[in-house]
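Data block below; observations after.
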Amino acid sequence: MLNVDEKFVFGPSTAVGEFAVNIPGATALFRKHKIDFCCGGHISLQEAADKKNVNIDSLLLDLAKLERIDESEQDKSPSELIDYILTRYHEVHREQLPELIRMAARVEAVHKDNSNVPKGLASFLENMDADLICHMKKEENVLFPIMKQGGNPFVTQPIGMMRLEHLDHGKTLEELSKLTNDCVPPIGACNTWRALYAGLDQLRNDLMNHIHLENNVLFPIFEKEYGDVGECHSGSTSCGCGH
Ligand SMILES: [Fe+2]
Ligand SMILES: [Fe+2]
């Protein structure tokens with residue numbers, strides 16, 4: 001048995017639907033193995049794996065890996081911090097958003113007559129995905145390479161720009177919460193709907209931690225050295241920077 005967190009302990013006898021709801025990203029793994037997690041979500045993982053000739057041990061291992069544990073960031077060098085941000089956040093956002101968009105489109109189509117349906121969520125997430133990819137590319141292609149070389153007096157300009165874009169991400173997260181009843185599915189929601197909201201909640205937490213790490217840990221290292229022009233004085237907490 002694997003202990004994902006205090007509330008969810010899983011093993012081969014756990015129902016497929018339970019994984020889908022409790023482990024964001026599990027649905028993408030099930031889709032890869034053609035395991036039905038919605039209508040067939042009541043059967044055990046063992047039974048579902050046997051049906052599809054999937055090795056149960058490697059499947060359990062992959063599910064355990066999805067539950068990533070944040071490491072302490074304080075003692076990392078700027079270069080180590082950047083590598084951590086790239087693998088823990090940039091890659092994970094890129095993996096998760098397309099699956100969330102697919103699930104949102106499905107929920108909107110199947111439950112279009114339900115008054116609780118998050119109307120327009122799929123296209124909202126498509127825009128969010130496009131904005132996030134554009135932002136991450138700027139960091140990956142411009143800002144992070146400068147930082148990896150030790151920075152220069154002009155580094156505060158792209159830092160300031162990234163801080164402004166983080167404010168926009170914060171506003172997007174506020175809209176997402178409004179659109180999804182704060183990621184709380186309605187009573188009786190199907191497994192896909194519940195998995196979608198669990199995944200969005202994870203995305204929301206990840207994005208806030210991602211922005212926090214850049215705004216409050218990585219960027220100040222360079223601002224201290226080259227000047228503090230990019231500091232966020234918005235008075236808003238929506239960027240997750242806490243200023
Ligand atoms: Fe980033
Ligand atoms: Fe960023």
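The values are calculated or read from the model by the stated rules, or taken from the named source; none is laboratory data. Just so it is clear, the structure is predicted and the values come from calculations on it, not from any experiment. All Cβ positions, glycine included, derive from the backbone under ideal geometry; neighbour counts span all protein chains shown.
Structure notes:
- Residue 62 vs. criteria in contact with a helix residue (DSSP H, G or I) (Cβ under 6 Å, 6 or more places away or on another chain) and outside any loop (DSSP other than H, G, I, E, B): yes
- Among residues of the range 95-119, those that are within 16 Å of ligand 1 (Cβ to nearest atom) and modelled with pLDDT under 95, counted: 2
- Scanning the range 30-59 for residues that are among the basic types (Lys, Arg) and either buried (at least 16 other Cβ atoms within 10 Å of the Cβ) or outside any loop (DSSP other than H, G, I, E, B) (or both) gives 31, 32, 51.
- Residues of the range 120-136 that turn out to be β-branched (Val, Ile, Thr) and either on the phi > 0 side of the Ramachandran plot or away from ligand 1 (no atom under 16 Å from the Cβ) (or both), as a count: 0
- Cβ pairs under 7 Å, 6+ apart, first in the range 150-169 and over 12 Å from residue 222 (Cβ atoms), second hydroxyl-bearing (Ser, Thr, Tyr): 167/234; 167/236; 167/238
- Residue within the range 53-67 that is farther than 18 Å from residue 208 by Cβ, within 16 Å of ligand 1 (Cβ to nearest atom) and touching a residue at least 60 places away in the same chain (Cβ under 8 Å) present: no
- Qualifying residues in the range 185-219 (those that are touching a helix residue (DSSP H, G or I) at 6+ places or on another chain (Cβ under 7 Å) and among the aromatic types (Phe, Trp, Tyr)) - the one surrounded by the fewest Cβ atoms within 10 Å (Cβ to Cβ): 193
- Residues that are within 16 Å of ligand 2 (Cβ to nearest atom), in contact (Cβ under 8 Å) with a residue 24 or more places away in the chain and assigned to a helix (DSSP H, G or I) do not occur anywhere in the range 98-119.
Residues checked against (1) of a type in the set (A, V, I, L, M); (2) buried (at least 20 other Cβ atoms within 10 Å of the Cβ); (3) out of contact with any helix residue (DSSP H, G or I) (no Cβ under 6 Å at 6 or more places or on another chain); (4) under 21 Å from residue 90 (Cβ atoms):
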position: 110; (1), (2), (3), (4): yes, no, yes, no
position: 116; (1), (2), (3), (4): no, no, yes, no
position: 156; (1), (2), (3), (4): no, yes, no, no
position: 183; (1), (2), (3), (4): no, no, no, no
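- Look at (1) in a helix (DSSP H, G or I); (2) surrounded by fewer than 19 Cβ atoms within 10 Å (Cβ to Cβ); (3) of a type outside the set (A, V, I, L, M) and you find that residue 163 fails only one, number (2).
- Filter result for residue 128 (within 13 Å of ligand 2 (Cβ to nearest atom), in the same structural domain as residue 212 (by TED's automatic domain parsing), of a type in the set (A, V, I, L, M) and part of a helix (DSSP H, G or I)): no
- Residue in the range 13-30 that is of a type outside the set (A, V, I, L, M), out of contact with any helix residue (DSSP H, G or I) (no Cβ under 8 Å at 6 or more places or on another chain), outside the structural domain of residue 183 (by TED's automatic domain parsing) and modelled with pLDDT of 80 or more present: yes
- Yes/no for residue 175 being among the acidic types (Asp, Glu) and exposed (fewer than 14 other Cβ atoms within 10 Å of the Cβ): yes
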